[in-house]
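Here is the structure we will look at, set down as C-alpha cells.
The values are calculated or read from the model by the stated rules, or taken from the named source; none is laboratory data. A quick note: this is a predicted structure, and the numbers were derived from the prediction, not measured. Here Cβ is always computed from backbone atoms with ideal geometry, including for glycine, and neighbour counts include all displayed protein chains. Each accessible area value is taken on the protein alone, full model and side chains, heavy atoms only, with ligands, DNA and RNA left out. Shrake-Rupley method; radii C 1.70, N 1.55, O 1.52, S 1.80 Å.
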Amino acid sequence: MQQINSVFKEAMAGISKKALAAEWLLGSPAAEIGRLWRILRASFIVPLLRISLYVCLLMSTMLLIEWLYIGGVVLYVKMFGRKPERKYKWEAVEDGSETGSAAFPMVLVQIPLFNEKEVYKLSIGAACSLSWPADRLLIQVVDGSTDILIKDMVEKECMKWASRGINIIHQTRETREGYKAGALNEGLNYDYVKECEYVAIFDADFQPKPDFLRRALPFLTHNQDIALVQARWRFDSKKCLWIYFTAEQEAGSTVHAFFGFNGSAGIWRIAAINEAGGWDDRTTAEDMDLAVRAALKGWKLVYVGDLEVKSELPSTLKAFRSQQHRWSCGPCNLFGKVVMDVIKSKKVSLWKKVYMIYNFFFVRKIVGHTCIFFSYCLVLPLTILIPEVNVPKGGAVFIPCIIAAINSILATPRSLHLVFLWILFENVMSLHLTKAIVTGLLGTKNANEWIITEKIGDSTKNKTNNEPVAPEKPRSEVLRDRHHLYDRGIWLDRNIVPRGYQQQQQQQKKRNSLAYVHKGVKL
C-alpha cells in the first residue's frame, strides 16, 4: 500500500499545474463531455423523443377523427333539420278553459345560491317571470350563503316576489356539506316538493326566458323515456371573448341520446333522479355524474340547441382558470369511478358504451388538453433542437389546422378572426388543464377542491341607492390576479383549509360590515 501511494505521488509530481491548464484549454475535457452527450443523445434522447412524437401524432389523429365525426353530425342536423322536435314527440301545452291549470304538470325550479351578491336578483327575477300557472310552479331558492347580510338580502327579494303572488320559498342551509350537489339533494327531500314531477335548475347567473318551460316540458310529458332536457347556454357579456362550443352536446344527443349535463339551464324528471341514486358529491362534476348514472339506467337525454338561456362568462382570467380547472379535474376523477359501471351496465348497448368511454371521456376529457400541451408545448419545440427526429408535415401542420378550422366553423363564422388568438390561449391554458387532468385521474386530495367562480352580474343596472357597495380590492391583489399562477380562490374542500383562510374570512366580514354601515343599513 505504501508503494502504491509513493508511485501515485511521483506521478502527480510529474504533472505540473501548467500542464493541466494547457490540457483543459486544448479541449480534452470538453471533447469528452461532447462525446458523452452524443452517446446519450443517440441512445436515449432521440429514441425517447421519437416515441413521444408518435404518441402525440396518434393523439392528434384521434382528435381529428373525433372532430370530423362531430362536425359531420352537426352538419347533418343543420342540413336536414333534424331538430329534437322531429325526433321526439312534442306538443305544446294548451291552456284549457275547462280543466284550467290542471293540464300543466307541477314544476319545481331550484336556484342554488352561495354568497351570490351581484346576480341573485337576476336569477330569482327570471324564474319568477316564467310563463307557467302560478299554482303549478314552485320556486325554491336553496341558499347556503355564509354571509348573513347577503342571506338577508336574498330573503327580502324572495318576500318581494311572494307578495306578488309567486309561490317562492327561501330555503336556507346551515352547512356546506356536499356543496351544490348537497344543496340540490337537500332541496328535493322536503315534503312540499313531493307533488312536483319535474325540477328545473338555474345557477345564480342564469336568466331563462319566460317561455322556457313551455318549450322544454313537452319533451318530458310526451316521452316517458326522457330524463333531461338541456338548453343552450348563451353568453351575452361584452367584456368577454371566450368561445364555447355546443357541437359536442348536439352530436351526443342526436346519435346516442347522451351527453354531460351542464349543471344549469336544464329540466329533470324527478323520478329519473331518484332512480339514478340522486345527487352525489363524490366529485366536483356532480352534474355529469348524475347524467352518466341516469344513462346507465336506460334514460335518454335531449339537448335543444335553439332553446337558449342567458348566462355570464367568467369576467377575469382568474375566474376562468378556476372554472376550467374544476371542469377538467372533475370529469377525469369521475371517469375512474364510473368506467367499470359503464362496462357492466346491461341497459346500455355496446355502441353506446364505446361512445361513453372512448369519445366522451377519453378523447374529449383527457386526450384533448394533454395533446395540446405535450405536442405543441413540449415535443414539437424539442424536435427543433434535435434534427435527427423528422416531423411529418401532416402531423405538425395539416392536422392542427384542420382541427382549428372545424372548431372555428362550429363556433361561429364571426369568430374566424380570433382563431390565432384562440390557439395561443389554448396553448397557455393547456399546462393548467393538464395538471387538473392528472390530479383528477390520480384522485389526489386536491381533486375535490371547489373554487367559487366569481360573478359580477350587471352591477350598474341592478343596484339601488339602498344597497351597499362592495369595497374595492387593493391594487396589489388586482395585479396579482392578472398573473397565470395556481388558483388562490376560496377553497371549500372538507379536508383542505388553506393557511390564513379564517383570517381572510374575518377581514372580509369586517369590510362588508363597514360597507353596510357606510350606506346606513341597520345591522
Q) Considering only residues of the range 270-289 that are in contact with an Asp or Glu (Cβ under 7 Å, 6 or more places away or on another chain) and buried (at least 24 other Cβ atoms within 10 Å of the Cβ), which is modelled with the lowest pLDDT? A) T283
Q.
Any residue at all in the range 85-108 that's surrounded by 14 or more Cβ atoms within 10 Å (Cβ to Cβ), among the polar types (S, T, N, Q) and under 28 Å from Y358 (Cα atoms)?
A. no
Q) So, in the range 139-161, of the ones that are part of a helix (DSSP H, G or I) and open to solvent by less than 50 Å² (accessible area, probe 1.4 Å), which residue ends up nearest to F212 (Cα to Cα)? A) W161
Q.
Go through (1) surrounded by 15 or more Cβ atoms within 10 Å (Cβ to Cβ); (2) outside any helix (DSSP H, G or I) for T175 and report which single condition fails.
A. (1)
Q: Report the residue count in the range 222-239 for those that are open to solvent by 40 Å² or more (accessible area, probe 1.4 Å) and either at pLDDT 90 or above or not in a loop (DSSP other than H, G, I, E, B) (or both).
A: 7
Q. Taking interchain pairs and intrachain pairs at least six residues apart, which have beta carbon atoms under 7 angstrom, with the first residue in the range 114-143 and closer than 19 Å to A216 by Cβ and the second part of a helix (DSSP H, G or I) and open to solvent by 20 Å² or more (accessible area, probe 1.4 Å)?
A. C128/W161; S131/R214; P133/S101; R136/S101
Q. Given the structure, is K78 surrounded by 14 or more Cβ atoms within 10 Å (Cβ to Cβ), more than 30 Å from M153 (Cβ to Cβ) and out of contact with any helix residue (DSSP H, G or I) (no Cβ under 7 Å at 6 or more places or on another chain)?
A. no
Q | Residue in the range 337-354 that is surrounded by the fewest Cβ atoms within 10 Å (Cβ to Cβ), counting only those that are part of a loop (DSSP other than H, G, I, E, B) and of a type outside the set (V, I, T) | A | K346
Q) Does the range 339-347 contain any residue that is free of Cβ contacts under 8 Å to residues at least 40 places away in the same chain and closer than 29 Å to E426 by Cα? A) yes
Q.
With within 18 Å of A183 (Cβ to Cβ), under 23 Å from the mean Cα position of the chain (by Cα) and charged (D, E, K, R) as the only criterion, which of K151, K117 stands out?
A. K117
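Rundown of residues vs (1) in contact with a helix residue (DSSP H, G or I) (Cβ under 6 Å, 6 or more places away or on another chain); (2) β-branched (V, I, T), yes/no style:
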{"residue": "T316", "(1), (2)": "no, yes"}
{"residue": "N333", "(1), (2)": "yes, no"}
{"residue": "G368", "(1), (2)": "no, no"}
{"residue": "I372", "(1), (2)": "yes, yes"}
{"residue": "L378", "(1), (2)": "no, no"}
{"residue": "L385", "(1), (2)": "no, no"}
{"residue": "I406", "(1), (2)": "yes, yes"}
Q. In the set I166, I201, which member is closer than 15 Å to I124 by Cα, touching a strand residue (DSSP E or B) at 6+ places or on another chain (Cβ under 9 Å) and open to solvent by 10 Å² or more (accessible area, probe 1.4 Å)?
A. I166
Q: Search the range 355-389 for residues being of a type in the set (A, V, I, L, M, F, W, C) and in contact with a Cys (Cβ under 7 Å, 6 or more places away or on another chain), and hand back the single one that is surrounded by the fewest Cβ atoms within 10 Å (Cβ to Cβ).
A: F374
Q.
I'm trying to understand the selection: among the residues of the range 294-336, which are over 18 Å from the mean Cα position of the chain (by Cα) and either in a helix (DSSP H, G or I) or over 25 Å from F206 (Cα atoms) (or both)?
A. A294, A295, L296, K297, G298, W299
Q) So, of the residues in the range 441-470 that are modelled with pLDDT of 75 or more and farther than 22 Å from R176 by Cα, which turns out to be surrounded by the fewest Cβ atoms within 10 Å (Cβ to Cβ)? A) L442
Q. Quick check: is even one residue across the range 182-196 closer than 17 Å to Q140 by Cβ, free of Cβ contacts under 8 Å to residues at least 12 places away in the same chain and either basic (K, R) or surrounded by 23 or more Cβ atoms within 10 Å (Cβ to Cβ) (or both)?
A. yes
Q. Which residue, of L213, L296, is modelled with pLDDT of 90 or more and open to solvent by 10 Å² or more (accessible area, probe 1.4 Å)?
A. L296
Q: Say whether the condition of being under 21 Å from I273 (Cα atoms), among the hydrophobic types (A, V, I, L, M, F, W, C) and buried (at least 18 other Cβ atoms within 10 Å of the Cβ) is met by at least one residue in the range 121-138.
A: yes
Q) Considering V74, V93, which residue is within 30 Å of V397 (Cβ to Cβ) and in contact (Cβ under 8 Å) with a residue 12 or more places away in the chain? A) V74
